[in-house]
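Undergrad: Sharing a structure with you now.
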Amino acid sequence: WVLMDEKSGILRAALEALWEEHGRPERDGDDDLLGLLVRMMLGQATSKANASQAFANLLDRFEGDWRLVELAAVEEVAGTIAVGGLSEQKAPRIQAVLSRALADFGEYTLEPLREREPAAALDYLLSLPGVGPTTARFALMDAAGMDVFPMNGGIRRVLDRLAVLSKSEPDKRAHELVAQLLPAGWSYAAHMTLVAHARAKCRKTPLCDECVLSRCAARKAD
């Protein structure tokens, strides 16, 4: 437990230093859970720009009607979202998610998940085809404001360099560990801050000379 306390202290101090430097991110408000989940699925293994284009193509081709998407030939859906890559995998998964939502909630929606405890809502999303821990957690965090923390590769890189998380930590355990280290209510701000820091400074080849965390560590050592 001492080690966990040390890791929690390191993570809190890092986030507070980044917030002092750049400000603390705030959510804009709720979003449609099903729509965001589909966008997240389209974003797997591709760029944000390509995922956004694939989602726009899907809405345009099927007039924003999830029923038309579910009932269309899978080849048509795949062709529509091809710009996002892996479309032959993503198309049937998206159609399966739509089918499951209709069967479970009587319409094409995931909004009833808002009424569930975060752990139960997370379990439901993880039971859907093609929905992994990062996708499920981000959808609940961003669309529904639930206090769940999604990990990604950039965040893992930052936390590894901070000695908070090991590269070898299994994905499921990594999500659970960071959730334990963060104070209640910090998930959204922490996620968005660490993603931005990974992109701007803590890259694969890090810009340590420009990093506020490096300067903080140096002052502490002095």
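Undergrad: Within region 94-105, restricting attention to residues that are within 18 Å of Gly43 (Cβ to Cβ) and more than 19 Å from the chain's Cα centre (by Cα), which residue is least open to solvent (accessible area, probe 1.4 Å)?
TA: So the residue we want is Leu98.
Undergrad: While we're looking at this one, here's another question. Could you tell me whether Glu176 is charged (D, E, K, R), at pLDDT below 95 and under 21 Å from Ala121 (Cβ atoms)?
TA: Judged against the criteria, Glu176 is a match.
Undergrad: Go through region 1-43 residue by residue and tally those that are in a helix (DSSP H, G or I) and over 19 Å from the mean Cα position of the chain (by Cα).
TA: 19
Undergrad: If I filter region 79-90 for residues that are free of Cβ contacts under 8 Å to residues at least 40 places away in the same chain, over 29 Å from Asp147 (Cβ atoms) and outside any helix (DSSP H, G or I), do I get at least one hit?
TA: For region 79-90, residues free of Cβ contacts under 8 Å to residues at least 40 places away in the same chain, over 29 Å from Asp147 (Cβ atoms) and outside any helix (DSSP H, G or I): present.
Undergrad: A further question on this structure: Got a sec? Which of Tyr108, Tyr124 is of a type in the set (Ser, Thr, Tyr), at pLDDT 95 or above, in contact with a Leu (Cβ under 9 Å, 6 or more places away or on another chain) and open to solvent by less than 40 Å² (accessible area, probe 1.4 Å)?
TA: Answer to the selection: Tyr124.
Undergrad: Taking the conditions exactly as written (without any contact (Cβ under 8 Å) to a residue 24 or more places away in the chain, surrounded by 15 or more Cβ atoms within 10 Å (Cβ to Cβ) and either in a loop (DSSP other than H, G, I, E, B) or out of contact with any His (no Cβ under 6 Å at 6 or more places or on another chain) (or both)), does Ser52 satisfy them or not?
TA: For Ser52, the condition - without any contact (Cβ under 8 Å) to a residue 24 or more places away in the chain, surrounded by 15 or more Cβ atoms within 10 Å (Cβ to Cβ) and either in a loop (DSSP other than H, G, I, E, B) or out of contact with any His (no Cβ under 6 Å at 6 or more places or on another chain) (or both) - is met.
Undergrad: Pick from Ala78, Ala72, Ala91: which is surrounded by 14 or more Cβ atoms within 10 Å (Cβ to Cβ) and under 30 Å from Arg173 (Cα atoms)?
TA: Among Ala78, Ala72, Ala91, only Ala91 is surrounded by 14 or more Cβ atoms within 10 Å (Cβ to Cβ) and under 30 Å from Arg173 (Cα atoms).
Undergrad: To continue, here is another question. Starting from residues that are of a type in the set (A, V, I, L, M) and not in a helix (DSSP H, G or I), keep the ones in region 132-178 and report whichever is surrounded by the most Cβ atoms within 10 Å (Cβ to Cβ).
TA: Met151
Undergrad: Restricting attention to region 141-157, report how many residues are on the phi < 0 side of the Ramachandran plot and in contact (Cβ under 8 Å) with a residue 60 or more places away in the chain.
TA: 3
Undergrad: State whether the residues of region 95-109 include one that is of a type outside the set (D, E, K, R), more than 16 Å from Leu34 (Cα to Cα) and in contact (Cβ under 8 Å) with a residue 40 or more places away in the chain.
TA: Taking every residue of region 95-109 in turn, none turns out to be of a type outside the set (D, E, K, R), more than 16 Å from Leu34 (Cα to Cα) and in contact (Cβ under 8 Å) with a residue 40 or more places away in the chain.
Undergrad: Which one is nearest to the chain's Cα centre (by Cα), of the residues in region 44-63 that are closer than 17 Å to Asp142 by Cα and modelled with pLDDT under 95?
TA: Gln44
Undergrad: Return the total of residues in region 100-131 being of a type outside the set (Phe, Trp, Tyr) and in a helix (DSSP H, G or I).
TA: Looking only at that region, the number is 18.
Undergrad: Consider Ser214 against the criteria (1) at pLDDT 90 or above; (2) touching a Cys at 6+ places or on another chain (Cβ under 9 Å): it satisfies all of them except one. Which criterion is unmet?
TA: It fails just one condition, (1).
The values are calculated or read from the model by the stated rules, or taken from the named source; none is laboratory data. This is a predicted model, so every value here is computed, not measured. So basically every Cβ, Gly included, is an ideal-geometry build from the backbone, and we count neighbours across all protein chains shown. The area values use the complete protein model at the heavy-atom level, side chains included, leaving out ligands, DNA and RNA. Shrake-Rupley method; radii C 1.70, N 1.55, O 1.52, S 1.80 Å.
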